[in-house]
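Every number in this text was worked out from the coordinates using simple rules, so none of it is lab data. Predicted model, so just to flag it, every value in this text is computed and none were measured. Virtual Cβ from ideal backbone geometry, glycine too; neighbours counted across all protein chains shown.
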């Protein structure tokens, strides 16, 4: 009811912001302007004028300017294809201890300077040096641990020598997909930047940020970002992509789900963030014939993502040390009810942490019997109650489990995109006797990242075609102490599990021996009740065809439509949009 009362004022604010933006840009007509309403974790952009792609605390650049940064390779998860971009190819040596990357000729920065080997070497060396020192740049610590040295082979070739055999290095850093991959910066600017973590890389007068894309920032305030097209783009000259017909991109904070729904439904925005609630998306596409989704006007109204969700225990908090307690929580969660209520049945319950992409299906099928053996995914309050009793808990007069006079009280922390799921999970735990509450605020991502939570709902930044990336999330090297930022929330460790994952990591992704090792690793993971898997994740992204067509869909699956990924993959979509008028 509160959201309904607020909706008219939100709409007035939204309409004013967008009308003002377009009115102040009358030299670019609406039918050549793409308007993006992005979900940010505050009412306004908080990192105004921060264009440093390696800044750890820059959450707003992912929805504002990240698609200006082009990768060496794009990756299309829908057909498991690698798309060469700034580079044309890469090759490993026989034992996967080194690889060479061949860069594309003729690529230029937006200030006219050539892009080349020195820029790649500079970016890598800067991150490696930081990862061996301050560790305050994204990807720096992991890259420093993985790379022994980088060197120039010739004017178009870079050699990367690895600290140990790693047949997946390219997929971790050089091939951009979802939130994986590096951004490349111009040596001729960054070499004089001083502290790279403090460098903002933003100055409209200087044309910063300088990138290889056809875009330049012309305005950045807390209410809107203007990105204008340049007419001198190397990829159009090389006939690798058409020159974008979008002449200006305006991104505004989308606010609440209600507000984004109204913006897209009233044709004020062309694309908005993930709406998530399937019934809401169904109403949107039914009521406005110009709006479509990845699956058109049919369920699930979106594309499967790499982010299957789980309820995570904070294994460093000490609260969940008793495995019986973790197993009990698992039996109190009714996944089918969550999917039915939050998604109108338009998703699939999960018993494992792997997304259901086709390349992963053989592994998912192989570990299904392991899940059944350990009772993963079984909703059974009686089993949960028995485990609580074994762990020394009794229900008090208020029906709450307690031990040694202390009631079991937990707060479930989650970022706003999980607001449809969090209250359901909290209520299920309450119904079972756990004093549970749900919290989601603009600071929840920082709370999650720093490990300052009891339980959290979050997804998996892991596998898409090879199971190793998800398995590696739970390696002891990622079991950071509370306070050290990470987006691997479990902070769990097990030496036997580590040995199996290390063995998988030394094998090429197509090695047939990997399947048995995955089963062995997941047997430990499921036995230890590391987390509570919930469901598959779909990005339900409405796309308005009033002004623009050519959106990616299951019938035209050239890339996913999610514009907020740090991979910058939406940059591949932008030149393929076509104006209706």
Open item on the list: Within a 10 angstrom radius of the beta carbon, how do 200, 104 rank from fewest other beta carbons to most?
Closed with: 200, 104
Task: Matching label, percent of Cα pairs over 43 Å apart computed from the structure shown, candidates (1) 45; (2) 67; (3) 19 - done: (3)
TODO: When a/c is below 1.5 the answer is rounded, else prolate if a/b is larger than b/c, else oblate, so apply that to the range 426-581 with a ≥ b ≥ c taken from the square roots of the Cα gyration tensor eigenvalues.
DONE: oblate
TODO: Sort 415, 271 so the one with the fewest other Cβ atoms within 10 Å of its own Cβ comes first.
DONE: 415, 271
Open item on the list: At a threshold of 8 angstrom on Cα-Cα distance, excluding pairs fewer than six apart, so keeping six or more, what relative contact order does the range 73-190 reach in percent?
Closed with: 27
TODO: Calculate the length of the line joining the C-alpha centroid of the range 298-349 to that of the range 221-271, in whole Å.
DONE: 34
Open item on the list: Let me make sure I get this right: for the range 169-325, a, b and c are the square roots of the gyration tensor eigenvalues over alpha carbons, sorted descending. Under 1.5 in a/c it's rounded, otherwise prolate if a/b > b/c, else oblate. Which is it?
Closed with: oblate
Task: Gap separating the Cα centres of the range 513-563 and the range 369-423, nearest whole Å - done: 27
- [ ] Report the convex hull volume per residue for the range 495-535, counting only C-alpha atoms, in Å³.
- [x] 81
Open item on the list: Order these by the 10 Å Cβ neighbour count, fewest first: 402, 348.
Closed with: 348, 402
Task: Kirkwood Rh in Å, taken over all unlike Cα pairs in the range 27-136 - done: 17.5
Open item on the list: With the cut-off at 1.5 for a/c, could you classify the range 73-190 from its C-alpha gyration tensor as rounded, prolate or oblate?
Closed with: rounded
